[in-house]
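I have placed the structure first, in the form of structure tokens, so that the comments after it can refer back to it.
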Amino acid sequence: MPSTFIRLFTLLVVAAGFAGCLDDSVGQPRDLGVSIESVQSVVQLGDSAVVEISAQGQHLAELTLSWGDGTVEELDPMGAVELERRNTHTYDEPGLFEPHVRAVEISGRAAEASTSVEVTTP
């Protein structure tokens, strides 16, 4: 009797797992895309610049954010197919900077986008 229960339970678990794989996101190619937008295009020196990043693709493997002043952040997308992030950075000097984001799928396909931030003195 216990072996029948175990077989039935195993069959139900496998069936439920398979049904979860029928989601449209599995096996369907997603267009790779990435965008970055400055929340404020002008910030004062000492204030934080804020960017919003969104990316989508087939199992994102890498997400790199370069702030344009030599600061680079490696953001782990953990294989996501879609993500949205908000990141902040404080610049050390005034100027015009170009934050840049690069997304790479597990297949190696990549997409890039950039925006601009002007840092002014108070």
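I'd like the Kirkwood hydrodynamic radius of region 29-120, using the inverse of the mean 1/r over distinct C-alpha pairs, in Å.
About 13.3 Å, per the Kirkwood formula over Cα pairs.
Suppose R0 equals 30 Å; then what is the FRET efficiency for E52 and E93 from their Cβ-Cβ distance, rounded to the nearest 0.05?
0.80
With θ set to phi - 60°, apply the Karplus curve 6.51 cos²θ - 1.76 cosθ + 1.60 along region 88-95 and write out the HN-Hα couplings as whole Hz, x wherever there is a Gly or Pro.
10, 7, 10, 7, 8, 8, x, x
FYI, it's all coordinate maths here, none of it is from the lab. Treat the numbers as computed from the prediction; the structure is a model and nothing was measured. Note that each Cβ is placed from the backbone with ideal geometry, even for glycine, and that neighbours are counted across all protein chains shown.
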